[in-house]
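Novice: Got a structure for you, written out below as structure tokens; questions coming shortly.
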Amino acid sequence: MPSLLSSSSTFTLCCTLSKKFILSPKATTFFFTRKAVSYFGTKTTMSTNLQSHAFAGNPLRSKTPKSTDPLSPPLAFETLKTQLLGNTHQLSSLNFKVLPFRKGRPLASSSSTDGDLGPKWHLGWISLDDCKGLFSGSGDELSGDNMVYLGSRSEEDVVYWAINVSGENSLVTDSVSKQFCFVELRTLMVATDWADERAMSDLAVAGHAKALLEWHNISRFCGYCGEKTITMESGRRKQCSNELCRRKIYPRVDPVVIMLVIDRENDRALLGRQSRFVPRMWSCLAGFIEPGESLEEAVRRETWEETAIEVGEVTYHSSQPWPVGPSSMPCQLMVGFFAYAKSFEINVDKEELEDAQWHSREDVQKALMCAEYKKARRTAAAKVEQMCKGIEKGQSSSSDFNLESGELAPMFFPGPYAIAHHLITSWANQGSAFDAVQLKQPPSSSESNL
């Protein structure tokens, strides 16, 4: 009997806030691969590859210029040093834009928009001359080694750099007077309109820059001999200054598995709460990969350690860079999976989680429909605008997920900026787009061991 969907079927879908799937030419692209899907509803597997996660899709990193290209890291760095020295005899068509960071926060501005979208934030790029001006009165010397290469736009002959100005306190006063401010990247993340391609690109650029600068901050000394490190390759690598060591050190990425655990009937999902979560928020289980284990093994181990649930089959969904974790881990890579439970009695490890519960698909769908994600985005965008005007205003983010009546929503999940949201919505809305296919997902225990 022929399958209902071929393995190469590609659908472009957009999930609206009402949680109904509609066709959209610019929406997120889902790739569904099914194995042995027949009219009889036999064993299936589903793999979803999401292409528009927050912090992914950095336009400056799409292609690295060849070493002979003036926009390439080594040649751009030489031109940068020449301009910093004020050598006007060597003319260049290259322009340089610099994104300052202070204590991990990028410089940003905000502008008003028409309609109900609320204000929009923008990255606070400054020229190389402005950057030189910041250091001229501080007594510190600006050199190429202070700068980190981010990438380029060949159509504009522009090379982009990032710099840490945490020690330049004068910049803070100057930037506020010009309607600029340093904003937490996580705040910008929530304030980003995920339907705005330019805003999502800016967020990806800021995330990449923050990850590199934080890595530079924690790799000032060699981990092998303890000597100071020096910056190499336009800030994309470091090397030990000890001639007897000279270890090469590359930017650090910490892989994390994040999984939505589903029961045998495909009717319930296992969600957890950590003590640091805002009230009523639930999310997927997650954990760091340990040396010597595969991604699938990490999914099974973490689920067992946190909830005592045994997992069988594990199916890949998508991945997401996550540069908004602790500064000691400058860039985590969230690798998302669906995991299918072989046992169902929960025993929560209280050192790992505050609580974990099975939630029905119906309850998850209701929570998704109630959550005011657009309201939360507008609130964060308004906060950025107030900060750029020199006004700080605090508000609990959980209040943005109440019902329109003002009642408390029973539960909510991370917003569309997080891979957890997409894991949950992909599962919750399975039947909405594919009613013709009977998804009786998890295989029996014997099948999962084949």
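Novice: Could you compute the FRET efficiency for Q239 and K103, with r as their C-beta to C-beta distance and R0 at 30 Å, rounded to 0.05?
Specialist: 0.70
Novice: Okay, moving on. Please work out the FRET efficiency for the pair H122 and E78, using the Cβ-Cβ distance as r and a Förster radius of 30 Å; give the result to the nearest 0.05.
Specialist: That gives a FRET efficiency of 0.50.
Novice: Can you tell me the length gained on complete extension of the stretch K132 to K375, counting 0.36 nm per residue apart and subtracting the Cα distance?
Specialist: Once the chain is fully extended between K132 and K375, it gains 83.5 nm.
Novice: Once label points are set 7 Å from the Cα along Cα→Cβ at both S112 and K228, what is their separation, rounded to one decimal in nm?
Specialist: With each label point 7 Å from Cα toward Cβ, the separation is 5.0 nm.
Novice: In the stretch 269-310, which residues have a backbone nitrogen under 15 Å from the label point lying 7 Å from E354's Cα in the Cα-to-Cβ direction?
Specialist: So the set is 271-284.
Novice: Mind ranking H208, H421 by accessible surface for me, highest first, 1.4 Å probe?
Specialist: Accessible-area ranking of H208, H421, largest first: H208, H421.
Novice: Okay, next question. For M329, what accessible area in Å² do you get when you roll a 1.4 Å probe over the heavy atoms of the protein chains, rounding to the nearest 10?
Specialist: Answer for M329: close to 40 Å² accessible.
Novice: Where the centroid of each part is defined by its Cα atoms, how far is the stretch 236-281 from the stretch 306-382 in Å?
Specialist: Computed from Cα coordinates, the inter-centre distance equals 13 Å.
Novice: A further question on this structure: In whole Hz, what ³J(HN,Hα) sequence does the stretch 315-321 give by Karplus (6.51, -1.76, 1.60; θ = phi - 60°), x for Gly and Pro?
Specialist: So the Karplus estimates, Gly and Pro as x, are 10, 5, 10, 5, 9, 8, x Hz.
Novice: For the stretch 222-233, what does the Karplus curve 6.51 cos²θ - 1.76 cosθ + 1.60, with θ = phi - 60°, yield as ³J(HN,Hα) per residue in whole Hz, taken in order and with x for Gly and Pro?
Specialist: 5, x, 9, 10, x, 6, 5, 9, 10, 7, 10, 6
Novice: While we're on this one: I need the per residue convex hull volume for the stretch 193-239, using only the alpha carbons, in cubic angstrom as a whole number.
Specialist: That works out to 69 Å³ per residue.
Novice: Now a separate question. Using a Förster distance of 22 angstrom, determine the FRET efficiency expected from the C-beta separation of K366 and D267, and round it to 0.05.
Specialist: 0.90
Novice: Once the cut-off is 20 Å, how many percent of the Cα-Cα pairs in the stretch 247-394 end up in the long-distance tail?
Specialist: Everything past 20 Å amounts to 58 percent.
The values are calculated or read from the model by the stated rules, or taken from the named source; none is laboratory data. The structure presented is a predicted model; accordingly, all values stated were derived computationally and were not measured. Virtual Cβ from ideal backbone geometry, glycine too; neighbours counted across all protein chains shown. Accessible surface areas use protein heavy atoms only, side chains included; no ligands, DNA or RNA. Shrake-Rupley method; radii C 1.70, N 1.55, O 1.52, S 1.80 Å.
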